Amino acid sequence: MKIVDVQVIVTSPTRNFVTLKITTSDGIIGLGDATLNGRELAVASYLRDHISPLLIGRDPSRIEDTWNYLYKGAYWRRGPVTMAAVAAVDMALWDIKGKVAGLPLYQLLGGASRTGCLAYAHATGADLPELIDSVHEQLDLGYRAIRVQTGVPGLEKVYGVGHSGVATYEPADRGARPSEEIWDTSAYLRHIPSVFEQLRNHFGQELPLLHDAHHRLTPQQAARLGKELEPYDLFWLEDVTPAENPAALRLVRQHTTIPLAIGEVFNNIWDTELLLSEQLIDFIRCAIVHAGGITHVRKIWSLAELYQVRAASHGPTDVSPINFAAAVHMGLSAANFGIQEHMRHQPLVDEVFRHAFRFDDGYLHPGEEPGLGVSLDEELASRYPYESAYLPVAYLPDGTLHDW
Ligand code: EZ4
Ligand code: CO
């Protein structure tokens, strides 16, 4: 069997997604996600112009070999654009392998290690009453763990906090320029501990609560926040410091026992090596698509397993259901799975990308369809052409561009 056709499909059913479609000489189709929020067309070009011609005629069963061909062979390794492109090929080849075998991906990865993957939902509110309502909404949907993000007094807008509920919180703003937000770390640090105190008073001690600081703090600020949140027993505190400096977490770790999670911007096992081997984190959060696909993230998770770090892949709405399916298959099979972020896509996205994975009573299951279990309705997809969209940028009150 050979690869005979490779296509890159860009579609924007409410937001942009890049999909790689590989067809074999036996007529089997494999799909891979290649979406990189706000930089989608760079990955589409990498795939169309540089990778697709190399795939024609290759044996689709040689996943490991093809991964190394694209990674080592290019000389220029790493980086989110390269690794998303390699990941798309990798997912599509695993999808094909599953279809050839007649088995869902999780069976190829060793079979189920659990009956379902614990999911967490997002709750957001401009103020405490809104936040409490939002947590109740997610609990009513069946979620058993909740990430909470909240407005901060004095700040007009905070990233991750919905303008009109969770559903619309993340779509990158469509338009020619990113929107701009003012961020004030001191105001945030003063406010957050009281939010968790009141959430615990309202919801009791047992509900797993998570929070994302979105890479905005210094190590000293992060250590202080971790210590102040310890009484509220968070499931984790995510992305406290800018992720390109893993050693920053040494100071945080020395000062707080709060569980730490990081990794959504990582794209390579070397980004994780110091954090894992020094046991500076508790959860590794790479997105399957942004860290080289199933083949590479599996290696990261295996390294993590040695150090009692659990796997919790990034699951936002800005990657497609193809990525999400891969994450749930991997989560079901991995010994060290921790929890899966689950932001629901808009219904239109689920129509374009029909999928076998399902959410039920707090848990995700990948379903039993062979491969990843996702199909793309190309006719429907073609009705939603690409639209320029960007993530917002953050400034400090004095106009300094800030980490986020
Ligand atoms: O900002 O996926 O944990 N989730 C997050 C996300 C990220 C987006 C960036 O594209 O932090 O909402
Ligand atoms: Co995050």
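The values are calculated or read from the model by the stated rules, or taken from the named source; none is laboratory data. Keep in mind the model is a prediction, meaning the values are calculated, not measured. With ideal geometry, Cβ positions are generated from the backbone for all residues, glycine too; neighbour counts draw on all protein chains shown. Please note that ligands, DNA and RNA were not included when accessible areas were found on the heavy atoms of the full protein model with its side chains. Shrake-Rupley method; radii C 1.70, N 1.55, O 1.52, S 1.80 Å.
When only residues in the stretch 147-174 that are more than 17 Å from ASP133 (Cβ to Cβ), open to solvent by 30 Å² or more (accessible area, probe 1.4 Å) and at pLDDT below 80 count, which is nearest to ligand 2 (Cβ to nearest atom)?
Across the stretch 147-174, the extreme among qualifying residues is PRO171.
Looking at the structure I just gave you, is ALA312 under 11 Å from ALA119 (Cβ atoms), touching a Lys or Arg at 6+ places or on another chain (Cβ under 7 Å) and within 16 Å of ligand 1 (Cβ to nearest atom)?
yes
Taking the conditions exactly as written (hydrophobic (A, V, I, L, M, F, W, C), modelled with pLDDT under 95 and closer than 23 Å to THR35 by Cβ), does VAL374 satisfy them or not?
When the stated conditions are applied, VAL374 does not pass them.
If you take the residues in the stretch 93-133 that are among the hydroxyl-bearing types (Ser, Thr, Tyr) and surrounded by 17 or more Cβ atoms within 10 Å (Cβ to Cβ), which one is nearest to ASN201 (Cα to Cα)?
Here the answer is THR124.
Can you pull out the residues in the stretch 362-374 that are under 12 Å from THR115 (Cα atoms) and open to solvent by 60 Å² or more (accessible area, probe 1.4 Å)?
TYR363
Please name all residue pairs, on different chains or six or more residues apart, with Cβ atoms under 6 Å, provided the first residue is in the stretch 220-238 and is within 16 Å of ligand 2 (Cβ to nearest atom) and among the aromatic types (Phe, Trp, Tyr) and the second residue is modelled with pLDDT of 95 or more and open to solvent by 10 Å² or more (accessible area, probe 1.4 Å).
Going by the 6 Å Cβ cut-off, the qualifying pairs are PHE235/PRO208; TRP236/PRO259.
Could you give every pair whose Cβ atoms fall below 9 Å, whose first residue belongs to the stretch 1-24 and is within 16 Å of PRO53 (Cα to Cα), and whose second residue is of a type in the set (Lys, Arg) and in a strand (DSSP E or B), counting only separations of at least 6 or pairs across chains?
ASP5/LYS21; VAL6/LYS21; GLN7/LYS21; VAL8/LYS21; ILE9/LYS21
Counting residues that are of a type in the set (Ser, Thr, Tyr), which helices (runs of 4 or more DSSP H) fully inside the stretch 1-101 reach at least 2?
63-71
Anything in the stretch 15-41 that is surrounded by 18 or more Cβ atoms within 10 Å (Cβ to Cβ) and within 16 Å of ligand 1 (Cβ to nearest atom)? List them, or say none.
The answer is ARG15, ASN16, PHE17, VAL18, ASP33, ALA34, THR35, LEU36, ASN37, GLU40.
Residue pairs, Cβ under 6 Å, 6 or more apart or interchain, first in the stretch 190-202 and in the same structural domain as ILE258 (by TED's automatic domain parsing), second charged (D, E, K, R) and in a helix (DSSP H, G or I). List them.
Every condition considered, the pairs that remain are PRO193/GLU228.
Output the number of the condition that PRO13 fails; it satisfies all remaining conditions of (1) within 23 Å of the chain's Cα centre (by Cα); (2) over 20 Å from LEU380 (Cβ atoms); (3) not basic (Lys, Arg).
Only one criterion is unmet by PRO13, namely (2).
Could you tell me which residue of the stretch 328-349 is surrounded by the fewest Cβ atoms within 10 Å (Cβ to Cβ), considering only residues that are within 16 Å of ligand 2 (Cβ to nearest atom) and among the aliphatic types (A, V, I, L, M)?
Among residues in the stretch 328-349 that are within 16 Å of ligand 2 (Cβ to nearest atom) and among the aliphatic types (A, V, I, L, M), the one surrounded by the fewest Cβ atoms within 10 Å (Cβ to Cβ) is MET343.
Of everything in the stretch 102-135, what is of a type in the set (A, V, I, L, M) and either more than 23 Å from the chain's Cα centre (by Cα) or part of a helix (DSSP H, G or I) (or both)? Give them in sequence order.
LEU103, LEU105, LEU108, ALA126, LEU128, LEU131, ILE132, VAL135
Among the residues of the stretch 278-294, how many are open to solvent by 10 Å² or more (accessible area, probe 1.4 Å) and either within 14 Å of ligand 2 (Cβ to nearest atom) or in contact (Cβ under 8 Å) with a residue 40 or more places away in the chain (or both)?
2
Just give me the residues in the stretch 357-380 being more than 19 Å from the chain's Cα centre (by Cα) and closer than 21 Å to GLY142 by Cα, in sequence order.
ASP360, ASP361, GLY367 - these are the residues of the stretch 357-380 that are more than 19 Å from the chain's Cα centre (by Cα) and closer than 21 Å to GLY142 by Cα.
With the requirement that a residue be within 14 Å of ligand 1 (Cβ to nearest atom) and of a type in the set (Gly, Ala, Ser), what does the stretch 211-255 give you?
ALA213, ALA243
Within the group VAL252, VAL309, which residue is surrounded by 21 or more Cβ atoms within 10 Å (Cβ to Cβ) and in contact with a strand residue (DSSP E or B) (Cβ under 6 Å, 6 or more places away or on another chain)?
VAL309
Regarding LEU306, is this residue outside the structural domain of ARG39 (by TED's automatic domain parsing) and more than 30 Å from TYR46 (Cα to Cα)?
yes
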